[in-house]
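Here the structure comes first, spelled out in structure tokens, and everything after it is commentary.
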Amino acid sequence: MEELTKAIVELENEKVTKMVKDELVKGTAVEEIVEKCRQGMEIVGQKFSKGEYFLPELIMAGEIFNSIIEIIRPVLAEAKTNTVGKIVLATVQNDIHDIGKNVFKGFAEANGFDVHDLGVDVDPETIVNTIKNEKPDIVGLSCLLTSAFDSIENTIAKIKEAGVRDQVKIIIGGAPVSEELKDWSGADAATRSAAEGVQLCKELLKK
Ligand code: B12
């Protein structure tokens, strides 16, 4: 296992912070650093499933990742270019995970997207109203809980009902999403990676 991934799994906050800073000094791409950390979070999740870790460990892992985001934010801000499109972003209803969403937001902004972030546990009505008011090109929905898959489907159904479905492209992201989930829910794209998500958004703009 990568040292950085291992330090996340072992919840060594100070070590992780130092390693991320060292990687940046070495010139490692932010995407690569985030991926190593994401893998660590996946293992933390597996340990939680197996009963080796409990909620406090999950919370601690979340806090560690948030401090990583703070370190990489200025690097991403430097990369900022001209605006290429607008994204309305939210974690779906009944889901409060936001770390992956925030990573995607940072990557998207660094690639010229204007991101309107609605936060977590966002109900479909709020998303529909924001589409009407903000007129985004893309709606990004984050989901980490399989129990919140219905919220994705429900959100897209409400977007259709409101008559604004053909005004936006919809991308879903998060550890459990798949092509099957994309087809089932009626989204346009799906990914488990923020970096790939940005590429998909650029492609969606062309369609
Ligand atoms: C940290 C964590 C938490 C933290 C979240 C803190 C926060 N502010 O987000 C806390 C402690 C609050 C938490 C709570 C819970 N959690 Co939790 N959590 C995790 C954990 C360990 C890591 C998630 C994470 O941040 N990963 C790191 C990020 C960077 O990765 P990511 O989210 O996948 O995002 C990447 C991509 O997916 C993508 N992406 C993400 N969103 C989007 C959006 C778009 C538009 C795009 C393009 C891309 C994109 O970009 C990111 C970078 O590449 C996962 C394990 C896992 N495998 O994911 C469990 C996990 C998701 N949690 C789980 C559970 C069960 C819970 C709880 C129900 C626990 C409980 N008993 O209370 C609650 C849920 C509360 C709720 N209603 O939402 C389960 C879900 C199981 C399932 N079948 O659904 C998991 C899988 C753990 C496990 N293996 O059991 N959790």
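Values quoted throughout were computed directly from the atomic coordinates according to the rules given, and no laboratory measurement underlies them. Just so it is clear, the structure is predicted and the values come from calculations on it, not from any experiment. When we count neighbours, we look across all protein chains shown, and the Cβ atoms used for this are built from the backbone with ideal geometry, even at glycine.
Would it be correct to say that Lys101 is assigned to a helix (DSSP H, G or I), on the phi < 0 side of the Ramachandran plot and within 7 Å of the ligand (Cβ to nearest atom)?
Yes.
Output the qualifying pairs, or none if there are none: Cβ atoms under 6 angstrom, residues six or more apart or on different chains, first residue in segment 73-93 and part of a helix (DSSP H, G or I), second residue buried (at least 18 other Cβ atoms within 10 Å of the Cβ).
Val75/Val30; Leu76/Gly106; Leu76/Ala110
Among the residues of segment 194-206, is any more than 12 Å from the ligand (Cβ to nearest atom), touching a residue at least 24 places away in the same chain (Cβ under 8 Å) and touching a Leu at 6+ places or on another chain (Cβ under 9 Å)?
No.
Mind telling me which of the residues Val44, Val92 ends up being in contact with a helix residue (DSSP H, G or I) (Cβ under 7 Å, 6 or more places away or on another chain), buried (at least 21 other Cβ atoms within 10 Å of the Cβ) and farther than 30 Å from Val168 by Cβ?
Numbers: Val92 fails: farther than 30 Å from Val168 by Cβ.
It is Val44.
Looking at (1) farther than 15 Å from Val198 by Cα; (2) surrounded by 17 or more Cβ atoms within 10 Å (Cβ to Cβ); (3) of a type outside the set (A, V, I, L, M, F, W, C), which one does Gly163 not meet, given that it meets all the others?
Answer for Gly163: the failing condition is (2).
Can you name the condition, by its number, that Gly140 falls short on among (1) in contact with a Lys or Arg (Cβ under 9 Å, 6 or more places away or on another chain); (2) farther than 22 Å from Leu181 by Cα?
So the condition that Gly140 fails would be (2).
Could you tell me which residue of segment 31-90 is nearest to the ligand (Cβ to nearest atom), considering only residues that are of a type in the set (Gly, Ala, Ser) and within 30 Å of Glu125 (Cβ to Cβ)?
Out of the qualifying residues, it is Gly62.
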